[in-house]
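For reference, the structure is listed below as structure tokens.
The values are calculated or read from the model by the stated rules, or taken from the named source; none is laboratory data. Note that the structure is a prediction, hence the values are computed from the model and not measured. Neighbour counts run over all protein chains shown; Cβ positions are idealised from the backbone, glycine included. Side chains included, ligands, DNA and RNA excluded: accessible areas come from the protein's heavy atoms. Shrake-Rupley method; radii C 1.70, N 1.55, O 1.52, S 1.80 Å.
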There are 2 protein chains.
Amino acid sequence: MAAEIPATMLQLRSLVTPDQTVQLWLDDVDVPEPGPTEVLIRVEAAPINPSDLGLLLAGADVTAATVSGTDDRPVVTAPLPDAAMRAMAARVGTSMPLGNEGAGTVVATGSAPAAQALLGKTVAAAGGAMYAHYRCVDVMFCLELPAGTSAVDGASSFVNPLTALGMVETMRRESHIGLVHTAAASNLGQMLNRLCISEHIPLVNVVRRPEQADLLRAAGAVHVCNSTAPTLMADLTAALKETSATLAFDAVGGGRLASQILTCMEAASAGADYSRYGSTVHKQVYIYGSLDRGPTELTRNFGMAWGIGGWLLTPFLQQIGLDAVARLRSRVAAELTTTFASTYTDQVSLAGALALDALTAYARQATGQKYLIRPGL
Amino acid sequence: MAAEIPATMLQLRSLVTPDQTVQLWLDDVDVPEPGPTEVLIRVEAAPINPSDLGLLLAGADVTAATVSGTDDRPVVTAPLPDAAMRAMAARVGTSMPLGNEGAGTVVATGSAPAAQALLGKTVAAAGGAMYAHYRCVDVMFCLELPAGTSAVDGASSFVNPLTALGMVETMRRESHIGLVHTAAASNLGQMLNRLCISEHIPLVNVVRRPEQADLLRAAGAVHVCNSTAPTLMADLTAALKETSATLAFDAVGGGRLASQILTCMEAASAGADYSRYGSTVHKQVYIYGSLDRGPTELTRNFGMAWGIGGWLLTPFLQQIGLDAVARLRSRVAAELTTTFASTYTDQVSLAGALALDALTAYARQATGQKYLIRPGL
């Protein structure tokens with residue numbers, strides 16, 4: 001095998017410079033040697049998730065980005081606003097590899113039997129640095145894909161599927177019986193919709209455009225509310241009354257949407273009698289994304305039994321433990337082309353990911369727009 | 001005993017009218033007869049707590065209040081803003097008695113031995129409708145005061161003491177090791193300061209004026225930050241670093257204070273290395289009051305391990321159970337004139353509580369301003 005593997009490879013890196021810019025380029029790095037329990041994956045597909053963008057772009061103003069270098073080896077430079085620069089202080093001068101997840105073929109392994117068993121197999125992996133020709137990871141971060149599954153189909157086997165499953169698991173652990181999801185027409189949202197249908201979990205999908213509502217309804221969604229409609233509050237309250245959903249996962253973060261959801265949950269759960277402290281039903285919103293980076297505004301007209309907080313996949317997985325995670329992973333592998341299928345609007349090479357038109361497109365985080373990096377292209 | 005007890009009495013009531021006003025007056029009502037397990041208390045002292053004001057004033061604009069009737073039997077009328085009227089829809093046309101807690105002498109009892117044992121005793125009670133000459137309550141809502149304790153000293157035996165103890169109990173149950181408290185110079189704040197000193201719990205007091213800081217420091221507070229000082233963020237971060245306090249109780253609610261506390265907690269807990277999701281230390285703010293009724297604004301520049309929510313005494317006590325509550329109550333009784341002592345800026349009769357100058361004073365909820373109703377005056 002070793003003869004096929006080059007000594008060096010390209011790896012996409014992001015650097016915050018002291019003069020308040022972020023620079024993105026393809027670095028020449030050595031192809032690593034797998035340790036005893038590691039495998040070397042030839043990366044064939046890696047998605048650009050919203051959760052990759054923070055590290056990649058560092059909050060830069062991509063509309064002011066410029067590109068130098070060659071087509072094969074572009075160097076992107078974009079200015080950082082003051083607030084982004086303050087937040088990135090700890091990153092200045094330390095370039096970082098990127099790509100939370102991806103899939104490819106195992107081309108070399110360490111000596112451990114579990115590693116050797118994967119040689120030649122198509123695997124998905126999580127653990128960062130997947131925007132590269134090769135990535136060396138411990139077998140425990142690998143998911144062997146069912147025979148016949150392509151790397152493209154397996155590229156998004158971790159972040160979105162485990163997030164959707166994590167939302168349902170959180171719902172059950174915190175004793176809710178239904179869910180609300182915002183940015184519900186995203187890849188993740190469509191996945192959650194399929195998952196909730198298959199588990200008979202009432203789900204209220206909140207979208208921003210009529211065509212997104214149509215998309216979800218065509219996929220079987222019963223409750224879809226358009227957050228830009230003048231009837232939002234009435235629509236959402238009606239859906240919450242029908243579903244008794246008291247837990248929301250919000251990808252938007254900024255603005256009033258989280259507050260509006262709590263207000264409607266309160267209206268849906270309040271009894272007819274006046275209670276000065278509102279309903280005793282606990283209403284919870286977890287913010288797991290930040291499509292709107294502005295402040296979250298809470299009007300607090302939803303009684304006292306409410307909570308809002310951050311929700312992040314990795315600590316959640318740590319909290320539920322290895323056995324529970326293994327169970328979730330097996331389910332993902334089994335339903336990768338059905339419940340947990342992803343779709344991509346564009347596929348680009350490593351260099352293509354740094355083209356300005358691609359960069360500005362995926363930085364916009366428009367719902368339904370999703371890029372897949374294919375290092376072999 | 002019965003000969004001393006009149007057939008009727010005065011009781012303060014609040015009514016939201018269909019024409020968008022709140023009316024407050026002293027109603028003539030029958031003095032109730034105690035059931036088997038009840039006692040009849042001659043109310044001698046009842047505080048006006050912030051938690052009473054929502055029910056009393058219904059969000060009215062007290063600066064536009066007018067008074068009619070006589071000095072002995074005033075009738076206050078105040079207009080309700082549209083938003084308050086919407087929130088009070090379920091209250092329209094149903095007049096409500098007031099007064100969450102108070103103390104007085106047991107002048108009649110039911111047949112149960114536990115009730116009879118309290119005859120002639122000075123007791124504190126919680127359960128509403130204490131702004132009246134008499135109040136009939138079940139013995140389980142009574143706290144017998146230690147011999148020699150006056151009704152004035154025992155008037156605030158429930159709301160503030162149990163809230164202070166509840167904050168400490170919540171801190172322990174949720175695995176934090178220090179507290180932050182806003183509006184820290186209030187009666188409750190001073191109580192919490194004494195409680196934390198006696199329990200060796202690090203407490204960061206946040207106040208709005210230098211003289212409030214002086215008051216708390218004179219009472220032994222180590223960490224006091226002035227939220228109006230230009231150095232707030234640096235002061236608060238330094239205090240949070242010293243205390244490792246990751247749980248705050250916020251009486252203010254509106255504005256940016258809760259967000260600023262989370263930002264400083266994050267700065268105090270963050271390591272030197274860059275982590276895109278921030279510190280893994282969970283940071284929590286509970287909003288238990290609403291001194292600022294405006295929206296809560298969260299900048300979300302404090303990582304993903306954070307939560308904010310409502311905190312209310314009664315559900316908390318239900319959650320910890322009767323045995324735990326009994327333990328807390330005994331402690332309150334034992335330390336009523338020390339740890340849990342309250343001070344009042346003015347004492348008024350039932351009619352005096354409806355005088356416009358008193359009404360506008362206590363409606364302002366200025367820290368350190370606290371009224372005590374003494375129905376016997």
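For region B:1-78, what does the alpha-carbon gyration tensor say about shape, rounded, prolate or oblate, given a ≥ b ≥ c as the root eigenvalues, a/c under 1.5 as rounded, and a/b over b/c as prolate? Write out the running numbers ahead of the final one.
Values: a/c = 2.48, a/b = 1.90, b/c = 1.31.
It is prolate, given that a/c is not under 1.5 and a/b is the larger ratio.
Find every distance from the label point of residue A:5 to the corresponding label point in the other copies (7 Å from Cα along Cα→Cβ) and write them in nm, one decimal, shortest first.
Computed spacing set for this position: 9.0 nm.
Excluding residues on the same chain fewer than 8 positions from residue B:370, give the aspartates and glutamates whose Cα lies under 20 Å from its Cα.
Answer for residue B:370, where 20 Å is the Cα cut-off: B:44, B:52, B:61, B:101, B:153, B:211, B:214, B:250, B:292, B:346, B:357, listed by chain and number.
Taking a label point 7 Å out from Cα toward Cβ, give me the nm distances from residue B:70 to the same spot in the other copies, shortest first, one decimal.
10.2
At a probe radius of 1.4 Å, figure out the B/A buried accessible area, summed over both chains, and give it in Å² to the nearest 100. Could the numbers behind the result be given before it?
Numbers: alone 16650 and 16590 Å², together 30470 Å².
Buried area between the two chains comes out at roughly 2800 Å².
For peptide A:304-317, how many partner chain Cβ atoms fall within 10 Å of a residue's Cβ, on average? Could you put the intermediate results ahead of the total?
Details: counts 11, 5, 4, 7, 6, 10, 13, 3, 6, 2, 3, 5, 0, 0.
Mean shielding by partner chains, rounded to a whole number: 5.
Restricting to Cα pairs below 8 Å that are 6+ residues apart, what does the relative contact order work out to for chain A? Please round to a whole percent. Walk me through the intermediate numbers first.
Numbers: 813 pairs, mean separation 65.5, N = 377.
RCO, chain A: 17 percent.
Grab the alpha carbons of region A:76-203, take their convex hull, and tell me the volume per residue in Å³. Don't jump to the answer; show the numbers that get you there.
Details: hull volume 25.3 nm³, N = 128.
It is 198 Å³ per residue.
Sequence-distant or interchain residues sharing an amide H contact under 5 Å with residue B:306, placed H: which?
A:310, B:283
Along the Cα-to-C-beta direction of residue A:232, a point sits 7 Å from the Cα; which residues of region A:247-285 have their amide N less than 14 Å from that point?
Flagged as within label range: A:250-265.
Just to be sure I understand: of the beta bridges DSSP finds with both ends in the protein assembly as shown, what percent are antiparallel, rounded to 5? Each step should come with its number before you reach the end.
Working: 92 of 144 bridges.
DSSP beta bridges in the protein assembly as shown are roughly 65 percent antiparallel.
Would you mind calculating the relative contact order of region A:53-114 from Cα pairs under 8 angstrom and at least 6 residues apart, reporting the percent as a whole number? Intermediate results must be reported in sequence, preceding the final value.
Working: 36 pairs, mean separation 17.0, N = 62.
That works out to 27 percent.
FRET efficiency for residue B:19 and residue A:244, Cβ-Cβ distance as r, R0 = 45 Å, nearest 0.05?
0.80
Among DSSP bridges having both ends in region A:221-363, what percentage is antiparallel? Round to the nearest 5. Walk me through the intermediate numbers first.
Numbers: 0 of 11 bridges.
Around 0 percent antiparallel, to the nearest 5.
What whole-number distance in Å separates the alpha-carbon centres of region A:329-351 and region A:211-286?
Between the Cα centres of region A:329-351 and region A:211-286 lies a distance of 29 Å.
Normalised radius of gyration for the protein assembly as shown, please: alpha carbon Rg relative to 2.2 N^0.38 Å, two decimal places.
Values: Rg = 30.7 Å, N = 754, 2.2 N^0.38 = 27.3 Å.
Its radius of gyration relative to the 2.2 N^0.38 Å reference: 1.13.
Note down the accessible area of residue B:374, probe 1.4 Å, to the nearest 10 Å².
Approximately 70 Å² for this residue.
List the residues, sorted by chain then number, that are 5 or more residues from residue A:44 or on another chain and whose placed amide H is less than 5 Å from its amide H.
Amide H to amide H, under 5 Å and 5 or more residues apart or across chains, residue A:44 pairs with A:103, A:104, A:105.
With contacts defined as alpha carbon pairs under 8 Å and 6 or more residues apart, what's the relative contact order of region B:244-365 in percent?
25 percent.
Using a 1.4 Å probe, how large is the accessible area of residue B:244, given in Å² and rounded to the nearest 10?
60
What shape does region A:204-297 take by its C-alpha gyration tensor, where a ≥ b ≥ c are the square roots of the eigenvalues and a/c under 1.5 counts as rounded, a/b above b/c as prolate, and the rest as oblate? Numbers along the way, then the final one.
On the way: a/c = 2.03, a/b = 1.30, b/c = 1.56.
Note, shape of region A:204-297 comes out oblate.
Does chain B come out rounded, prolate or oblate by the C-alpha gyration tensor, with a ≥ b ≥ c the root eigenvalues, rounded set by a/c under 1.5 and, if not, prolate when a/b is larger than b/c and oblate if not?
Working: a/c = 2.17, a/b = 1.53, b/c = 1.42.
It comes out prolate by the Cα gyration axes.
Return the carbon/sulfur percentage of the accessible area of the protein assembly as shown, one whole number, probe 1.4 Å, all protein chains in place. List each step's numbers first, then the result.
Working: 16490 of 30470 Å².
In the protein assembly as shown, the share of accessible area belonging to carbon and sulfur is 54 percent.
What gaps in nm, shortest first, separate residue B:242 from its twins in the other copies when you place the label 7 Å past Cα toward the beta carbon?
Copy-to-copy label distances for residue B:242: 5.7 nm.
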